[in-house]
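A short worksheet on the structure shown next.
The values are calculated or read from the model by the stated rules, or taken from the named source; none is laboratory data. This is a predicted model, so every value here is computed, not measured. All Cβ positions, glycine included, derive from the backbone under ideal geometry; neighbour counts span all protein chains shown.
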């Protein structure tokens, strides 16, 4: 099954991939990185919480969606050469997006 993304989704996933590569290059805490990415993604594509859903169920849904987002970003990162993927080399044009 093919998965297609809208242009804004693709643009955002590529931005996350570049930030992920920069974070790996500088040995940043990836848990904090993923928390920031999740906040941006939820602002972009909100995850609704139904009134009859308890907080534990909502948290589990959020965790599942975060895993899916991480997989999507890692697939984009996979398109880069091995040295870049592994955080050994930071390519020209990648801005340090750390705040």
Take the residues in region 71-96 that are under 12 Å from residue 25 (Cα atoms) and touching a helix residue (DSSP H, G or I) at 6+ places or on another chain (Cβ under 7 Å), then tell me which one is modelled with the lowest pLDDT.
96
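Among what's in region 45-70 and is in contact with a helix residue (DSSP H, G or I) (Cβ under 7 Å, 6 or more places away or on another chain) and modelled with pLDDT of 90 or more, pick the residue that is surrounded by the most Cβ atoms within 10 Å (Cβ to Cβ).
At the first step, the residues of region 45-70 found to be in contact with a helix residue (DSSP H, G or I) (Cβ under 7 Å, 6 or more places away or on another chain) are 47, 49, 66, 69-70.
In the following step, the residues that additionally are modelled with pLDDT of 90 or more were identified as 66, 69-70.
Details: 66: 17, 69: 19, 70: 16.
Per the stated criteria, the residue is 69.
Let's see how each residue does on (1) touching a residue at least 40 places away in the same chain (Cβ under 8 Å); (2) surrounded by 13 or more Cβ atoms within 10 Å (Cβ to Cβ); (3) farther than 16 Å from residue 66 by Cα; (4) in contact with a helix residue (DSSP H, G or I) (Cβ under 7 Å, 6 or more places away or on another chain):
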{"residue": "6", "(1), (2), (3), (4)": "no, no, yes, no"}
{"residue": "9", "(1), (2), (3), (4)": "no, yes, no, no"}
{"residue": "16", "(1), (2), (3), (4)": "yes, yes, no, yes"}
{"residue": "20", "(1), (2), (3), (4)": "yes, yes, no, yes"}
{"residue": "28", "(1), (2), (3), (4)": "yes, yes, yes, no"}
{"residue": "32", "(1), (2), (3), (4)": "no, no, no, no"}
{"residue": "36", "(1), (2), (3), (4)": "no, yes, no, no"}
{"residue": "41", "(1), (2), (3), (4)": "no, yes, no, yes"}
For region 12-31, how many residues meet the condition of being part of a loop (DSSP other than H, G, I, E, B) and closer than 12 Å to residue 86 by Cα?
2
